[in-house]
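The values are calculated or read from the model by the stated rules, or taken from the named source; none is laboratory data. Quantities reported herein were computed from a predicted structural model and do not represent experimental measurements. Every residue, glycine as well, gets a Cβ built from its backbone with ideal geometry; the counts of neighbours run over all protein chains shown. The area values use the complete protein model at the heavy-atom level, side chains included, leaving out ligands, DNA and RNA. Shrake-Rupley method; radii C 1.70, N 1.55, O 1.52, S 1.80 Å.
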Amino acid sequence: MSDFSRLRQALTIEARHSYPNLKGNTARFADFVRGELVRLLPEVPATARGHVEPLLIAFEGYAELTPEERARIVGGLQALLPRLGGPVATAGPKRVEKPEVKPGEEEDWRDRPVQFVKGIGPRIAQLLAKVNVHTVDDLLHYYPRQHLDYQKRVRIGQLKPGDSVTLWGTIKRVEAYNPKPKMSLITVWVTDGTGTIAARWFGKGGNKFQLDRQKSRFPVGQAILMSGEPKIDSFSGRIVFDRPEIQLLGDTSGADADSLHLGRIVPIYSLTEGLQLKALRKAMRTALDTYLPLVRDPLPAALREKLGMWTLKKALEEIHFPTSQDSLQEARRRLVFDELFWMQLGLAYRRAQQASKTEALELPASGEFVTRLKDLLPFQLTGAQERVFREIQADLASPKPMNRLVQGDVGSGKTIVALLSLLIAVENGYQGALMAPTEILAEQHYQKIGAWVAQLGLRVALLLGSMTKKEREANYRAIEEGLVHLVIGTHALIQDKVNFKRLGLVVIDEQHRFGVRQRATLRAKGQSPEVLSMTATPIPRTLALTLHGDLDVSVIDELPPGRKPVETVWARGREKREVWEKVREQLSVGRQCYVVYPLIEESEKLQEDVKAATEGHAWLSEEIFPEFTLALLHGQMPSSEKEAIIERFRTGEVHMLVSTTVIEVGVDVPNASVMVIENAERFGLAQLHQLRGRVGRGAAQSYCYLMSDSRSEQTKQRLSIMEATNDGFVIAEQDLKLRGPGEFLGTRQSGLPDLVLADLVNDTEILEIARNAAIRLVSTDPELDGRPLLKADLFRYFSANLSFLEV
């Protein structure tokens with residue numbers, strides 16, 4: 001029989017990751033499949049070879065298909081494998097040959113289809129696929145979402161509502177009837193000498209025969225074990241059990257009470273329609289009994305013992321069926337460590353690869369332009385700016401590639417630090433490029449930087465998608481011929497027509513808004529240019545280590561002198577009238593104001609946010625502030641119109657700018673002293689903080705009014721935090737606690753797998769341990785060649801995105 005194991009494994013992994021055409025060590029998934037089919041064709045039975053050519057054609061166009069179309073092709077090949085790799089079945093449904101666990105096959109068992117675990121089969125396997133469980137390994141790592149502790153055994157007379165308990169008793173009476181059409185109710189009264197309690201099961205309707213059959217499951221006088229949470233019945237006022245876990249016992253001694261479902265700490269798994277909890281528990285128990293003996297722990301024993309970690313086998317056993325609460329916590333500790341360790345090991349390995357395989361420019365600072373610019377600036381750099389710039393200088397002068405992320409709260413002065421860094425590249429005869437996520441921000445950088453470097457005799461070019469073809473072509477020529485020293489732009493910088501003469505440094509602003517591929521494309525415009533990333537979105541340390549563990553993180557944690565904290569007020573009900581009077585006071589003394597309207601729904605953002613802002617602009621200009629000049633700004637306007645409006649606001653011609661969230665980043669008007677945010681409950685904390693950062697950029701006292709009548713607890717938490725602090729890092733920590741890491745920042749585009757058990761708010765200590773362990777391992781063995789099992793599992797962990805580990 002032909003060896004189709006590699007092909008079967010590839011199909012399983014592709015399905016597990018929702019058909020992204022995964023990139024492997026040597027080829028994309030579709031190309032690998034075609035290669036395997038060609039290689040194995042001579043071994044395919046003659047009667048089945050006619051199926052291969054259509055498959056080759058199908059997989060040739062795989063990259064252009066939708067995920068649903070890809071799923072059908074992959075599923076078709078999976079179903080066809082038995083006919084390609086062995087004798088054709090003569091009768092019965094198509095079946096994949098059941099693999100057997102054999103000594104020496106430990107590397108392969110993890111990718112065996114889950115349907116071959118006893119008690120699962122094809123039907124349940126289809127249901128498990130809906131929760132992304134395709135293989136035995138997926139099943140073992142399908143952790144419970146919670147555990148219910150039924151170890152507490154009490155007498156009926158001692159029951160308290162809401163406690164998780166287990167009790168023994170004897171069935172006293174049973175009733176089954178239809179309280180409503182299409183509804184059935186089975187009630188079992190159980191007594192233990194200290195009292196009697198009713199256990200109830202509601203279900204779909206049934207006839208008398210079906211109800212009698214339900215009653216027969218509970219013989220009067222039979223001993224029974226029940227686990228659950230009793231509650232007070234709203235009608236009778238008595239304590240009852242709704243849908244408890246039960247087991248009928250031969251006697252009341254407890255000798256028969258060894259169960260997966262009651263009398264112990266029981267796992268609760270996330271389910272999908274048709275997937276039963278008890279069936280899944282039984283299948284999990286079977287999988288653990290069958291496959292745990294094959295589990296090999298990739299973590300070096302010396303490291304595991306040093307850290308006081310359990311073995312992987314013991315942790316997997318206890319996370320699913322813990323023997324105590326202490327055991328559950330120890331199991332979780334090991335598995336959380338694993339999640340964070342693989343992530344940190346991948347980051348450390350990736351950085352080691354970059355250091356060894358990436359040529360780096362050496363760009364020492366001569367001071368030719370840097371010193372001159374510092375002398376020209378009308379202000380002194382803060383201590384934090386100077387510290388971060390020194391760190392960047394050292395990186396640029398080093399023969400190793402720079403891996404630095406600069407974090408700075410709104411208004412902290414990242415732009416001048418970026419410019420000084422770019423000037424070092426110019427001093428060394430190179431060009432610099434700065435890529436921003438929006439045209440407004442790119443335009444803002446261009447104006448600021450252009451004004452500064454013009455005094456140094458240097459040229460700056462701006463590249464935007466909205467420019468005319470003639471403007472872009474002129475800039476393309478100037479960039480390619482080296483006539484411009486610095487280039488600032490949006491995604492337009494990574495177009496094929498953009499060719500630098502000698503690119504030395506790339507600065508990526510708001511780097512989390514760009515994908516890995518976009519950043520790499522810009523870097524490829526030069527011969528190994530240095531890359532500096534910046535973000536004005538404060539990232540808590542735990543998340544920074546997780547997302548950017550391969551980077552050195554610098555923090556500009558000091559605001560320029562003279563800046564006053566923005567006074568922030570949550571305005572409700574009648575207080576909103578007072579807000580507009582305070583706005584009028586500011587406008588009357590020559591200050592300016594922003595009024596921002598939110599997105600109504602993400603799916604309607606192209607229409608509804610514009611509508612809200614438009615109506616708000618009409619109301620404010622006609623009824624509230626007719627004596628002032630107001631302007632409307634939104635994302636659907638042509639770029640030229642947006643720029644004209646922002647310029648009028650910048651020069652003071654417009655007193656109030658009514659806008660959508662298009663002004664979140666990039667608009668810098670020091671004279672603007674008031675920010676009014678309508679329906680503030682519809683914004684996240686990070687976005688509220690970014691919007692507030694548009695004011696408070698001058699020496700005058702500034703104000704931010706959060707308009708919201710929402711009474712939800714979440715709104716109260718968010719807006720109270722905004723009132724309490726102006727510190728973006730404090731806000732980011734609170735935001736992480738409220739929303740969790742997945743929603744806090746787009747982790748998917750980082751290329752890192754999702755966290756399942758780890759909690760970046762509460763598992764900071766384990767994260768630090770995992771990071772230090774990973775760094776030590778890679779520092780002593782950068783290629784991990786001395787630890788082949790560890791390296792193999794690292795690549796397996798990143799199987800959905802192997803390019804993350806590549807340079």
query: Once phi is turned into ³J(HN,Hα) by the Karplus curve 6.51 cos²θ - 1.76 cosθ + 1.60 with θ = phi - 60°, what whole-Hz value does each residue of region 557-571 show in order, with x for glycine and proline?
result: 10, 9, 8, x, x, x, 6, 9, x, 6, 6, 10, 9, 8, 9
statement: Under 5 Å from the placed amide H of ARG153, counting only residues 5+ away or on other chains, we find THR166
- request: Enumerate the calculated ³J(HN,Hα) couplings along region 394-402 in order (Karplus 6.51 cos²θ - 1.76 cosθ + 1.60, θ = phi - 60°), each rounded to whole Hz, writing x wherever the residue is Gly or Pro.
  value: 5, 4, 5, 7, 7, x, 8, x, 6
- prompt: For LYS180 and LYS118, what is the calculated FRET efficiency with R₀ set at 51 Å and r taken between the beta-carbons, to the nearest 0.05?
  reply: 0.80
- request: With everything on Cα atoms, drop me the angle between helix 788-797 and the longest principal axis of the chain, reported from 0 to 90° to the nearest 10.
  value: 80
- line: Between ARG155 and ARG72, the two model label points (7 Å from Cα along the beta-carbon direction) sit apart by a distance in nm of 6.6
11 Å reach of a label modelled at ARG572, 7 Å along Cα-to-Cβ, counting backbone N of region 694-730: 708-713, 715-717, 720
Karplus-derived HN-Hα couplings along region 10-19 (A = 6.51, B = -1.76, C = 1.60, θ = phi - 60°), whole Hz, x at Gly and Pro: 4, 4, 5, 5, 4, 5, 4, 9, 6, 6
- prompt: Which percent, to the nearest 5, of DSSP beta bridges fully inside the chain are antiparallel?
  reply: 40
query: To the nearest Å, what is the center-to-center distance of region 301-338 and region 625-666, using C-alpha atoms only?
result: 57
field: Amide H partners (placed H, <5 Å) of SER554, local residues excluded
entry: LEU405, VAL406, GLN407
message: If I fit a long axis through the Cα atoms of helix 764-780 and take the longest principal axis of the Cα atoms of the chain, what angle between them do I get, 0 to 90°, rounded to 10?
response: 80
Lys/Arg +1, Asp/Glu -1 at C-beta; the chain dipole; positive extreme among THR764, PHE202, PRO560: PHE202
- prompt: Of the peptides 173-185, 482-494, 586-598, 120-132, how do they stack up when ordered by the mean number of other Cβ atoms within 10 Å, highest first?
  reply: 482-494, 586-598, 120-132, 173-185
- prompt: According to a simple spin-label model (label point 7 Å from Cα along Cα-to-Cβ), what is the distance in nm between GLU273 and VAL589?
  reply: 6.2
- request: Give me the number: length gained by fully extending THR371 to TYR476, i.e. 0.36 nm times residue separation minus the C-alpha to C-alpha distance, one decimal in nm.
  value: 34.8 nm
query: For GLU581 and GLN717, what is the calculated FRET efficiency with R₀ set at 22 Å and r taken between the beta-carbons, to the nearest 0.05?
result: 0.20
- prompt: Efficiency by 1/(1 + (r/R0)^6): what FRET value for ALA792 and ASP163, r their Cβ-Cβ distance, R0 = 41 Å, to the nearest 0.05?
  reply: 0.30
- prompt: Carbon and sulfur together cover what percent of the accessible area of the chain at a 1.4 Å probe radius?
  reply: 49
message: If I model a spin label as a point 7 Å beyond the Cα along the Cα-Cβ vector, how far apart are those points for ARG739 and ILE232 in nm?
response: 3.9
task: Consider the candidate values [x] 0.96; [y] 1.15; [z] 1.21; state which one is Cα Rg over 2.2 N^0.38 Å computed from the structure displayed.
output: [y]
query: Which lysines does LYS374 reach when only Cα atoms under 28 Å apart count, and residues fewer than 8 places away in its own chain are ignored?
result: LYS400, LYS414, LYS448, LYS501, LYS564
